[in-house]
Amino acid sequence: MKSATHIGFDVGGTKIFGVVTDHGGAVQRTLREPTPDGAGPLMDALADMTARLGTGSRPVSVGVGMAGLITLDGRITVSPNLVDVDGADIGSGLSHLLDMPVFLDNEVNCAARWEMSAGAARGVRNGVMVSLGTGIGGAFMLNGEVLRGSGGLAGEPGHMIVEAGGRQCACGRRGCWEAYASGSALDRMAVERFGETCRGPEVTAAAREGDAGALELLDKFAYWLALGISNLCILTDPEMVVIGGGLSEDWDLLAPTTDKHMAALLIGRSAESRPSIVPSKAGELSAALGAALGGAQGHSAALGGAQGHSAALGGAQGHSAALGGASPR
């Protein structure tokens with residue numbers, strides 16, 4: 001008899017990561033596909049990936065972490081880095097396609113739950129997670145819980161203004177943090193400095209080889225990154241800042257200059273009292289793993305308890321069970 005499996009997805013601006021875990025949280029398989037445009041094609045893609053990840057066996061739960069502002073009842077209010085999904089009820093729509101409940105939350109909230117349960121922030125009560133991808137996502141870990149706010153929309157630091165009237169952001173405003181410190185921002189800086197064929201990965205590769213121009217560009221990028229992180233630290237006084245998303249893979253390269261700028265930007269803190277800034281232990285998979293945990297928790301709650309795999313979520317299990325939109329049946 002096959003053991004129970006749990007599937008989790010991280011839906012970002014350019015790609016979807018899918019993961020299937022066993023009931024103990026161990027990764028069995030992963031899958032990556034480009035993110036399609038539109039709510040309908042997106043739900044179809046998730047349903048297809050669910051079938052492929054399940055390899056013929058039906059999972060007991062599915063969780064989805066998505067970029068954007070997602071209400072407590074699972075509706076996307078706005079997602080600047082996804083195309084034509086604003087207002088969509090992805091949770092209920094995918095639940096209908098799969099004929100099973102679906103857990104849905106912001107993807108960095110999912111990642112933060114996984115980091116607190118099994119990752120870099122295990123044992124941390126107060127922290128911040130910053131995900132550096134196409135845009136910038138965030139989550140606040142306060143008193144052992146992920147802060148969702150009055151309607152579920154808390155934790156969007158990528159859209160705090162760091163330069164009034166500055167660069168155009170995908171959200172339509174100007175001067176947002178993610179216009180200066182995301183993967184897309186690094187791509188833009190690379191083009192401006194080195195020409196149309198250059199992108200962020202080429203810059204980081206050159207910097208690892210000691211290229212002076214690449215190192216100078218990364219120092220400028222790290223300043224904007226540190227500016228946003230220091231603002232979050234001033235607001236919440238975290239024990240730790242966890243860096244996730246694609247750029248977390250290059251954190252060893254970005255850390256020294258980011259730390260240098262943080263020291264100049266943070267007030268009232270000695271080197272010993274500044275929060276540690278660490279990369280995610282699961283890298284780009286942390287949000288998908290957190291979504292799988294959320295789905296497992298909802299499944300356990302429907303059976304009358306939160307045990308084993310789902311217990312690793314920690315915190316207010318009943319509240320997070322309500323995030324999926326569709327009720328267990």
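The values are calculated or read from the model by the stated rules, or taken from the named source; none is laboratory data. Not measured: the values here are computed from a predicted model. When we count neighbours, we look across all protein chains shown, and the Cβ atoms used for this are built from the backbone with ideal geometry, even at glycine. For the accessible areas, the whole protein counts, side chains as well, though only heavy atoms, and no ligand, DNA or RNA atoms are used. Shrake-Rupley method; radii C 1.70, N 1.55, O 1.52, S 1.80 Å.
Could you derive backbone 3J(HN,Hα) for the range 216-226 from the dihedral phi with the Karplus parameters 6.51, -1.76 and 1.60 (θ = phi - 60°), listing whole Hz in sequence and x where the residue is Gly or Pro?
Per residue, the Karplus-derived 3J(HN,Hα) values read 5, 5, 5, 5, 5, 4, 5, 4, 5, 5, 5 Hz.
Work from the charge dipole of the chain (Cβ charges, +1 for Lys and Arg, -1 for Asp and Glu, about the Cα centre) and give the residue of L215, L153, G87 farthest towards its positive end.
L153
In terms of the Cα gyration tensor, with a ≥ b ≥ c the square roots of its eigenvalues, is the range 1-122 rounded because a/c is under 1.5, prolate because a/b exceeds b/c, or oblate?
Oblate is the answer for the range 1-122, as a/c is 1.5 or above yet b/c matches or exceeds a/b.
So what is the 222 nm mean residue ellipticity for the chain from helices alone, if each DSSP H run of at least 4 adds -39500 (n - 2.57) and you divide by all residues, rounding to the nearest 500 deg cm²/dmol?
Per the formula, -12000 deg cm²/dmol.
Extending each Cα 7 Å along its Cβ direction at R173 and E249, get the distance between those two points in nm, one decimal.
Those two pseudo-labels are separated by 3.1 nm.
Need the full-extension length gain, D99 to L142, defined as separation in residues times 0.36 nm minus the C-alpha distance. One decimal, nm.
Between D99 and L142, full extension yields 12.0 nm more.
Can you work out the accessible area per residue across the chain, with the rest of the protein chains kept in place, probe 1.4 Å, in square angstrom?
40 Å²
What is the distance, in nm, between label points placed 7 Å from the Cα along the Cα-to-Cβ direction at I161 and at R188?
So the label points at I161 and R188 sit 1.6 nm apart.
Could you please state how large a percent of the accessible area of the chain is carbon and sulfur, counting protein chains only and using a 1.4 Å probe?
Answer for the chain is 53 percent, counting heavy atoms of protein chains only.
Rg to Rh for the range 80-186: what is it, with Cα atoms only and Rh by Kirkwood?
1.01
Please get the size of the charge dipole for the chain, origin at its Cα centre, with Cβ charges of +1 on Lys and Arg and -1 on Asp and Glu, quoted in debye to the nearest 20.
600 debye
Roughly how far apart, in whole Å, are the Cα centres of the range 235-303 and the range 127-149?
Value for the Cα centre distance between the two parts: 8 Å.
State, to one decimal in nm, how far the label point of L235 lies from the label point of A263, with both points 7 Å from Cα in the Cβ direction.
Label-label distance for L235 and A263, simple model: 2.7 nm.
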